[in-house]
Amino acid sequence: MSFAEKPFGVRIQTMGDIAERKFEERSVVEWVRYGLCRPPIVMSALPPELRYTADYLTAQGLVEVQGLGQDQTLKVKHDKLEALRWWSKIHPVFLFVYDSHKDRHSLLSLDDLTKRCQESDTESFPEGKPYFAIKSSLIWGDV
């Protein structure tokens with residue numbers, strides 16, 4: 001069973017940890033932790049703009065961090081993309097993508113992320129949340 005196919009309660013246990021550590025190790029700019037990291041509140045009760053507050057703040061912009069693995073597909077929830085667009089009205093937004101399967105990373109501007117979403121299919125997580133299924137080839141140009 002792939003990570004995306006596991007129930008949300010299982011995915012949340014480690015969601016983002018590996019990718020966030022890689023951002024912290026590889027960032028070439030100073031950063032501070034900014035977003036919510038598994039707080040003890042019901043996240044679904046929050047508006048998407050708060051639920052999807054970017055993970056890090058830099059002088060250059062807000063940085064959301066997300067990983068992908070063996071299936072080589074970055075899964076960006078539709079409502080997350082909309083929330084990041086909202087945040088971009090305040091400060092530029094970037095997505096740091098870490099591929100744990102091939103140990104590589106990329107930093108995408110929100111415009112670049114949006115273009116890749118438009119070029120991708122929509123799929124859904126087991127609980128029904130739709131996401132853009134962005135193939136790694138759209139990020140790194142591999143086949």
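The values are calculated or read from the model by the stated rules, or taken from the named source; none is laboratory data. Keep in mind it's a predicted model, so treat the numbers as computed, not measured. No Cβ is skipped: glycine too gets one built from the backbone with ideal geometry, and neighbour counts run over all protein chains shown. What goes into the accessible areas is simple: the full protein's heavy atoms, side chains included, and nothing from ligands, DNA or RNA. Shrake-Rupley method; radii C 1.70, N 1.55, O 1.52, S 1.80 Å.
Is there a residue being open to solvent by less than 20 Å² (accessible area, probe 1.4 Å), under 12 Å from the mean Cα position of the chain (by Cα) and within 19 Å of E30 (Cα to Cα) anywhere in the stretch 77-84? Scanning the stretch 77-84, I find no residue that is open to solvent by less than 20 Å² (accessible area, probe 1.4 Å), under 12 Å from the mean Cα position of the chain (by Cα) and within 19 Å of E30 (Cα to Cα), so the answer is no. So, of the residues in the stretch 96-143 that are surrounded by 14 or more Cβ atoms within 10 Å (Cβ to Cβ), in contact (Cβ under 8 Å) with a residue 60 or more places away in the chain and over 25 Å from L57 (Cα atoms), which turns out to be nearest to the chain's Cα centre (by Cα)? The extreme case among them is A133. S88 passes every criterion in (1) open to solvent by 40 Å² or more (accessible area, probe 1.4 Å); (2) of a type outside the set (A, V, I, L, M); (3) under 21 Å from W140 (Cβ atoms) apart from (3). Report yes if some residue within the stretch 20-38 is of a type outside the set (D, E), in a helix (DSSP H, G or I) and within 20 Å of R116 (Cβ to Cβ); otherwise report no. Taking every residue of the stretch 20-38 in turn, at least one turns out to be of a type outside the set (D, E), in a helix (DSSP H, G or I) and within 20 Å of R116 (Cβ to Cβ). For the stretch 35-51, taking the residues that are under 14 Å from the mean Cα position of the chain (by Cα) and among the hydrophobic types (A, V, I, L, M, F, W, C), the one that is surrounded by the most Cβ atoms within 10 Å (Cβ to Cβ) is identified as L36.
Taking the criterion of being at pLDDT 95 or above and aromatic (F, W, Y), the residues of the stretch 100-143 that qualify are Y131, F132, W140. Taken together, the residues in the stretch 1-34 that are at pLDDT 85 or above and open to solvent by less than 80 Å² (accessible area, probe 1.4 Å) amount to 10.
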